[in-house]
Amino acid sequence: MTAVTVRLRVAAAVRLSPSLRTFTFEAADGGLVPPSGPGAHLRLFLHLGGRLHRNAYSLVASPDDRSHFSIIVRRVAASKGGSAFLHEQVREGDVIAAGLPANLFPVVRTAHRHLMVSGGIGLTPFLSYIAAFEAAGTPWELHHFCRVDERAVFEALLAGHPAARVHVHSGGAIGVLAEALGRQPLGTHFYTCGPAPLMDAAMELAVALGWPKARLHAESFGGAAEGGAPFVAVLRRSGLEIAVGPETSLLDAIEAAGVEAPCLCRGGACGQCLIEVAEGVPEHRDHFLDDEDRASNRFIMTCVSRSTTPRIVLDL
Amino acid sequence: MSIQFKPEETFRDDFTYSNSDAAVLRFPFPFPEDAYMYSVNIEPHVPGGACPAYDNPFDVDEHYVAECRERAKVLEQDPSRCKVLPHMLAAEWDTLELLMESLATSYPGAFTLARAGTDWTWENRPLGIADRFTFGDAATLPLPPFEYITRQAQGDFTLQDQREDNLFIDGGMVTTQADWSLDFDVGMTFHQWHGPVPLAHQKGVFDRALKYLLRLQYGHPVRRLNWTMTINPRLDTSPENYPHWGPDRTTVTAENVGRKVHLRVELQSLFRLPRSNAILFGIRCYLCSIEDLARVDVWGKRLHRVLRDIHPDIADYKGLTRYRELAVEYLARFDDGAPLPAGTAPRQSTLPPKR
């Protein structure tokens with residue numbers, strides 16, 4: 001899939017705490033930023049030390065007027081990558097490339113009520129949720145867990161909302177959630193975002209209290225289906241050896257080498273890009289091959305699948 | 001490019017609809033091979049490719065004004081053709097934004113969108129519409145946002161909400177449909193509304209298509225072609241109006257088959273909507289008489305072969321059974337049996353006169 005890139009100018013960069021910095025971006029060409037919805041994230045393309053980092057950050061507001069994007073970045077301890085760069089190097093006026101907003105954590109529009117549980121920087125998607133719920137008039141309740149020293153920062157981000165809806169917990173265990181999870185009316189959806197142990201514990205508690213799975217939602221940037229370990233694809237008919245990088249799909253790499261390969265949907269569904277495998281073991285990521293075909297390792301769908309072996313020989 | 005609209009043509013009663021030669025040559029002919037079978041024939045909806053109808057996100061052609069007028073007539077008689085469930089309001093605004101931006105960018109001579117923050121001004125010159133409104137405030141538009149903008153577009157549209165790893169058809173504007181009912185389907189899941197389709201379920205087509213669509217990304221729309229046949233250039237072949245058009249199938253004769261039988265092609269497009277995370281499904285209908293199609297040498301031959309050899313279950317499902325033989329007989333005269341190149345391009349830039 002060809003990535004659509006937008007260029008963003010840093011309109012404001014404000015430090016909220018020693019480890020939290022908020023950025024406001026405007027379109028570098030002076031136009032509008034792309035539209036986005038609650039729960040969407042933005043991937044910033046950062047060139048650091050000769051490598052492209054694609055760091056995903058939740059958009060903390062999705063304004064109707066499309067004048068800007070906002071994100072909050074936590075500086076990861078001992079970061080050699082994006083968060084340290086964003087905290088220490090990026091200045092107002094700088095231009096950064098990004099992908100279009102994508103949404104892997106959307107709100108459920110049929111919900112009658114929304115219950116959110118966040119930890120630390122995991123609050124960010126819920127800032128855009130709350131704006132949408134307020135605009136639509138849907139009832140909501142938030143429980144936020146954070147360190148004592150950051151409590152004031154998060155309370156400031158949530159200022160203006162009634163105490164009946166916002167509950168900030170610092171230093172405590174998540175046991176306090178049992179009461180909130182236990183008293184929600186039917187039709188409530190539950191969302192959690194934050195450190196994995198918090199999300200897992202909150203989900204387990206909800207399941208133990210009898211919440212149906214379809215009402216439980218945990219944040220994940222996904223992205224596992226894109227990229228992976230590099231490998232070499234050998235095209236048997238031409239003898240070409242093609243290096244498939246960690247950020248490139250097999251199909252893209254074949255095309256970049258000037259070889260015409262069959263394809264259509266580029267998403268692992270249509271079956272057009274099926275190629276026979278002569279040697280090597282594919283890592284199947286498609287929706288086309290059935291279990292038997294997968295187990296045989298005789299075929300690969302080049303648009304999404306990769307190789308588990310350093311070398312894979314294709315009948316192409 | 002300035003489009004010469006044909007505002008007075010009709011899709012009912014006297015059926016004055018017709019295609020110019022240019023419109024025939026840009027018809028999205030759906031058969032790249034001599035045989036037809038269901039498949040997940042989805043591809044990225046990007047400009048270029050086999051047909052100029054793909055050049056813009058939403059294709060506008062010479063029938064634009066007449067089709068919008070036909071839609072208004074259908075809605076006047078049956079308002080249930082436009083239905084959007086209440087939780088889809090964000091998707092309504094998404095649709096309005098996408099259509100206005102796309103049309104204004106693709107056809108600046110016909111449409112203009114001016115924006116200052118949420119203060120928007122929309123001008124649709126072919127339909128004589130000019131409105132100023134506040135984006136996000138439905139009270140400032142004369143109609144709900146989805147109905148407002150889809151009354152100004154060719155083709156049907158449905159809105160799919162995504163939840164529980166499924167798609168639900170939770171809204172739509174459906175007045176140019178090939179025998180399915182929005183009023184009946186609204187609220188259904190992906191497999192439920194595709195329930196009547198033969199053969200494809202067993203081939204796993206819908207399982208794969210659903211998985212693919214659940215991962216559809218904003219900014220990366222996809223498209224596919226679907227087809228059926230319609231007697232007379234009638235857009236509204238709805239179950240609700242079956243008594244009006246069903247009997248048309250009995251009126252086909254060896255003498256009128258070329259003019260009466262139309263290939264009906266749907267250019268179906270799917271867009272992830274960024275604010276609501278819903279999917280907009282566009283079903284843009286193109287009609288062309290088989291007489292006109294046969295003026296394109298490779299299309300006449302190929303259509304003959306596809307109709308001649310089609311699986312009987314598909315012929316039944318598409319409602320072709322009663323007149324298929326007459327159409328095959330008519331088309332046989334254009335087909336010398338020579339091998340045809342794969343693909344759908346017309347391979348000629350002008351048309352011979354009608355026979």
Crossing angle, helix A:196-208 versus chain A [Cα axis fit, 0-90 degrees, rounded to tens]:
70
Any trypsin sites (Lys or Arg not before Pro) in the range A:179-248 that lie in a DSSP loop and have at most 12 other Cβ atoms within 10 Å would be A:Arg183, A:Arg237
Over 18 Å, how big is the tail of the calculated P(r) for the range A:257-316, in percent of all Cα pairs?
26
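Past the 21 angstrom mark, what percentage of all C-alpha to C-alpha distances in the range B:116-218 do you count?
On the way: 2716 of 5253 pairs.
Tail fraction, whole percent: 52.
Using a ≥ b ≥ c from the Cα gyration tensor of chain A (square roots of the eigenvalues), is it rounded, prolate or oblate, where a/c under 1.5 gives rounded and otherwise the larger of a/b and b/c decides, a/b for prolate? Working shown, then result.
Working: a/c = 2.25, a/b = 1.57, b/c = 1.43.
Judged from the Cα gyration tensor, chain A comes out prolate (a/c at least 1.5, a/b above b/c).
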Let me confirm one metric for peptide A:131-138, namely the mean number of other chain beta-carbon atoms within 10 Å of its residues' beta-carbons.
1
Approximate spin-label separation B:Tyr242-A:Arg165, in nm, with each point projected 7 Å along Cα-to-Cβ:
4.9
Cβ neighbours within 10 Å from other chains - mean over B:157-164:
3
Table column - 3J(HN,Hα) (Hz), the range B:52-57, Karplus curve with 6.51, -1.76, 1.60, x for Gly and Pro:
x, 5, 8, 6, 10, x
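Averaged over B:89-100, how many beta carbons belonging to a partner chain fall within 10 Å of each residue's beta carbon? Intermediate results must be reported in sequence, preceding the final value.
On the way: counts 2, 8, 2, 0, 2, 2, 0, 0, 3, 1, 0, 0.
That works out to 2 on average.
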Separation of the A:Val259 and B:Ala338 label points, Cα + 7 Å toward Cβ, nm
3.6
Taking Cα atoms, how many degrees apart are the long axis of helix A:124-136 and the longest axis of chain A, rounded to 10 and kept between 0 and 90?
70
Using each residue's phi in the range B:72-88, evaluate 6.51 cos²θ - 1.76 cosθ + 1.60 at θ = phi - 60° and report the 3J(HN,Hα) Karplus result to the nearest Hz, with x for Gly and Pro.
4, 5, 4, 5, 5, 7, 8, x, 6, 6, 10, 8, 9, 5, x, 6, 9
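Work out which GluC sites (Glu not before Pro) in chain A are exposed loop sites (DSSP not H, G, I, E or B, at most 15 other Cβ within 10 Å) and give the longest gap free of them.
On the way: sites that count: A:Glu92, A:Glu226, A:Glu247, A:Glu260.
Counting only loop sites that pass the neighbour cut-off, the longest clear stretch is A:93-225.
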Loop-only check: which trypsin sites (Lys or Arg not before Pro) in the range A:71-161 are DSSP coil with at most 11 other Cβ within 10 angstrom?
A:Lys80, A:Arg91
In whole Å, how far is the Cα centre of the range A:267-316 from that of the range A:16-77?
35
Compute the helix-to-body angle for B:205-214: its Cα long axis versus the longest principal axis of chain B, expressed 0 to 90° and rounded to tens.
30
Show log10 I(q)/I(0) for the range B:131-173 at q = 0.25 Å⁻¹, two decimals, from a solvent-free Debye sum over equal Cα scatterers.
-0.89
Going by the alpha-carbon gyration tensor, a ≥ b ≥ c the square roots of its eigenvalues, is the range A:188-316 rounded (a/c under 1.5) or, if a/c is not under 1.5, prolate (a/b greater than b/c) versus oblate?
prolate
Return the distance in nm (one decimal) between the two label points of a simple spin-label model at B:Asp131 and A:Leu216, each offset 7 Å from Cα along Cα→Cβ.
4.4
Roughly how many whole Å is it from the C-alpha centroid of the range B:102-151 to that of the range A:129-205?
39
Listed residue (A:Ser170, A:Val259, A:Pro230) projecting farthest to the positive dipole end of the range A:166-267, Cβ model:
A:Ser170
At most 14 other Cβ atoms within 10 Å plus a DSSP loop assignment makes a site exposed; report the longest stretch of chain B without any exposed GluC sites (Glu not before Pro).
B:34-163
P(r), alpha carbons of chain B - 20 Å bins starting at zero, rounded %:
29, 60, 10, 0
To the nearest 500 deg cm²/dmol, what mean residue ellipticity at 222 nm is calculated for chain A from DSSP H runs of n ≥ 4 alone, each contributing -39,500 (n - 2.57), summed and divided by the residues?
-5000 deg cm²/dmol
Gyration tensor verdict on the range B:1-130 (Cα atoms; rounded if a/c is under 1.5, prolate if a/b is larger than b/c, oblate otherwise):
rounded
Go through the range B:125-140 residue by residue and turn each phi into a ³J(HN,Hα) via Karplus (6.51, -1.76, 1.60, θ = phi - 60°); whole Hz please, and just put x for glycine and proline.
5, x, 9, x, 10, 9, 9, 10, 8, 9, 4, x, 10, 4, 5, 8
Work out the charge dipole of the protein assembly as shown with +1 on the Cβ of Lys and Arg and -1 on the Cβ of Asp and Glu about the Cα centre, then indicate which of B:Thr350, B:Ala53, B:Val328 is farthest towards its positive end.
B:Ala53
Taking N as the number of residues in the range A:113-218, what is its alpha-carbon radius of gyration divided by 2.2 N^0.38 Å?
0.99
In deg cm²/dmol, rounded to 500, what helix-only [θ] at 222 nm does chain B give when every DSSP H run of at least 4 residues adds -39500 (n - 2.57) and the total is split over its residues?
-7500 deg cm²/dmol
Spelling it out for A:Trp140: with amide H atoms placed in the peptide plane at 1.01 Å from N, the residues 5 or more places away or on another chain with amide H under 5 Å from its amide H are A:His114
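Report the relative contact order of chain B, percent, no decimals, based on alpha-carbon pairs under 8 angstrom and at least 6 residues apart. Spell out each step's value before the answer.
Values: 612 pairs, mean separation 74.4, N = 355.
Averaging sequence separation for qualifying contacts and normalising by length gives 21 percent for chain B.
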Evaluate 2.2 N^0.38 Å with N set to the residue count of the range A:33-94, then give the Cα radius of gyration divided by it.
1.21
Pairs B:Lys83/B:Lys203; B:Lys203/B:Lys260; B:Lys6/B:Lys318; B:Lys6/B:Lys354; B:Lys260/B:Lys301; B:Lys318/B:Lys354: which exceed 24 Å Cα-Cα?
B:Lys83/B:Lys203; B:Lys203/B:Lys260; B:Lys6/B:Lys318; B:Lys318/B:Lys354
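Among the chymotrypsin sites (Phe, Trp or Tyr not before Pro) within the range A:177-283, which fall in a DSSP loop and have no more than 15 other Cβ atoms within 10 Å of their own Cβ? Walk me through the numbers on the way to the answer.
Numbers: sites: A:Phe190, A:Tyr191, A:Phe221, A:Phe231; in loops: A:Phe221.
Passing both the DSSP loop test and the Cβ count: A:Phe221.
All of the numbers you see were taken from the coordinates with simple rules; none came from a lab. Model, not experiment: these values are computed from the prediction. Neighbour counts are summed over all protein chains in view; Cβ atoms, including those assigned to glycine, are modelled from backbone coordinates with ideal geometry.
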